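The values are calculated or read from the model by the stated rules, or taken from the named source; none is laboratory data. This one's a predicted model, so the numbers in the text were calculated from it and none came from an experiment. We place every Cβ from the backbone using ideal geometry, glycine too, and count neighbours over all the protein chains shown. Calculation scope for accessible area: heavy atoms of the full protein, side chains included, ligands and nucleic acids excluded. Shrake-Rupley method; radii C 1.70, N 1.55, O 1.52, S 1.80 Å.
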Amino acid sequence: MRKIARKNPKKVGTAPGTLIHVGKKLKDNVDIFLLEYNEQMSKMNNINTKDISINKDKDKVHWLNIVGIHDTEFIAEVGKAYNLHKLLIEDILNTCQRIKVDDYGNYIYIVLNLLSYYNDTKELESTQLSLVFMENTVISFLENDSDVFDNIITRITSDKGTMRKYGADYLLYALIDAVVDNYSLMLEKLGDKLDAVEDKLVDDPEKEVLQNIYELKREMLFVRNSIWPARNVMDTLMHFCDSYFSQNIGVYFRDVYDHIMRTIDTTEIYRDMLSNMLDTYLSSISNKTNDVMKVLTIISVIFMPITCLAGIYGMNFDFMPELRLHWGYALFWILAAGVTLFMITYF
């Protein structure tokens, strides 16, 4: 799981706008495609990293998708081609950015987190998604390959739905909506894991269950840190509707905001469930300990009179009358057995 913060000594003391990639290199190469479309047509081309050109056709929507941001020189070339601010390029390369929206006057910069599970380790991973919105153009920067936007590409290229009837602002909405839907998918997977741990907790609360609960609490905190700031992103974008977006796009942003609030509610429910599960586990362990102590206490009390008798007659004083009895040993065991039966019957 990705850590909340990274240490990068190369960034310390550097001037603002210094282009240094912060984070792991998740891809060996950079993949780029340019998808251009309007209501009548759509065209998608794979682009070479050395051939970044801008299409000025205002009758089309342009979506430039870049997967792999470790190549600082190429990202800088993209920034020059689209006249992006150097601080924005620095934020794209710094993959531990907080989720936010920045207004640069002629365009908007948005940072979100994509959540996914590694297929081999089943570990939750977060990667940064950067979106730049300008007139008729959306540029997306991904750290690694993801299938979260595959459905959007299919809808555009196959002319299914209303994607090609709207402008770049609707494309921006669709991309953000796909990210939010992915949050819901991650919560469903976490919910399945939570149900499995809950069943184990009821059947057999062993140490492994406690470890699973703590892992789920850590993952839930990880998801919560990605979802909660996204609410502020949508709130800010809804305030930009008058200046950047068409009038009819506001209702779609409000719909995404509602989806985010629903996922936040689910997150809080899961957090409460995990806290209750932890309390249940601790109560179960406490009850088990109490049962063990109860048995040990009963055994100790049962043998306490016998121990007392054995201690008295183990002193071997010369004038103890019972020491000379012919049946003294047998009488001692009869007395011990009688006391034991009495104590067992009593408890």
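For the Cα trace of the chain, dividing Rg by the Kirkwood Rh returns an Rg/Rh value of 1.36. The length gained on full extension between L221 and T340, counted as 0.36 nm times the residue separation minus their Cα-Cα distance, comes to 37.3 nm.
If you model the range 40-167 as an ellipsoid using its alpha carbon gyration tensor, with each semi-axis the square root of five times an eigenvalue, the axes come out at 23, 21, 14 Å, biggest first.
Just need the relative contact order of the chain here, percent rounded to a whole number, with Cα pairs under 8 Å and 6+ apart.
Details: 404 pairs, mean separation 46.0, N = 347.
Relative contact order comes out at 13 percent.
Exceedance of the 21 Å cut-off in Cα-Cα distance is limited, within the set K217/K288; K43/K100; K193/K217; K200/K288; K193/K288, to K217/K288; K43/K100; K193/K288. Stretching the chain fully between I264 and L19 yields a gain of 84.7 nm (0.36 nm per residue, less the alpha carbon separation).
Where is the GNM fluctuation largest for the chain (alpha-carbon springs, 10 angstrom cutoff): G79, G314, G161? Maximum fluctuation in the GNM of the chain, among the listed residues, is at G314.
Given their separation in residues at 0.36 nm each and the Cα-Cα distance between them, F347 and N106 gain 78.4 nm when the chain is fully extended. Each label point was placed 7 Å from the Cα along the Cα-to-Cβ direction; for K43 and L323 their separation is 11.7 nm. Site pair L26 and V202 shows an inter-label distance of 3.7 nm when each label is modelled 7 Å from Cα along Cα→Cβ.
Would you mind computing Rg(Cα) / (2.2 N^0.38 Å) for the range 301-343, counting N as its residues? The range 301-343 yields a ratio of 1.20.
Taking R0 as 45 Å, what's the FRET efficiency between T307 and K193 from their Cβ-Cβ distance, rounded to 0.05?
Details: r = 52 Å, r/R0 = 1.15.
It comes to 0.30.
Taking all protein chains as present, what is the carbon and sulfur share of the accessible area of the range 277-324, in % to the nearest whole number, probe 1.4 Å?
Working: 2490 of 3660 Å².
Accessible surface attributable to carbon and sulfur in the range 277-324 totals 68 percent.
Accessible area per residue for the chain, computed on protein heavy atoms with a 1.4 Å probe, is 57 Å².
Between S184 and N287, the FRET efficiency from the beta-carbon distance, with R0 = 41 Å, is close to 0.65.
Averaging over all projection directions, the Cα-based convex hull of the range 191-347 occupies 15.6 nm² in the image plane. In this label model, D147 and E73 are separated by 3.5 nm, measuring between points 7 Å along each Cα→Cβ vector. For the range 297-314, 3J(HN,Hα) computed residue by residue from phi via the Karplus equation (6.51, -1.76, 1.60; θ = phi - 60°) reads 5, 4, 4, 5, 5, 4, 8, 5, x, 5, 4, 5, 4, 5, x, 5, 7, x Hz, glycine and proline entered as x.
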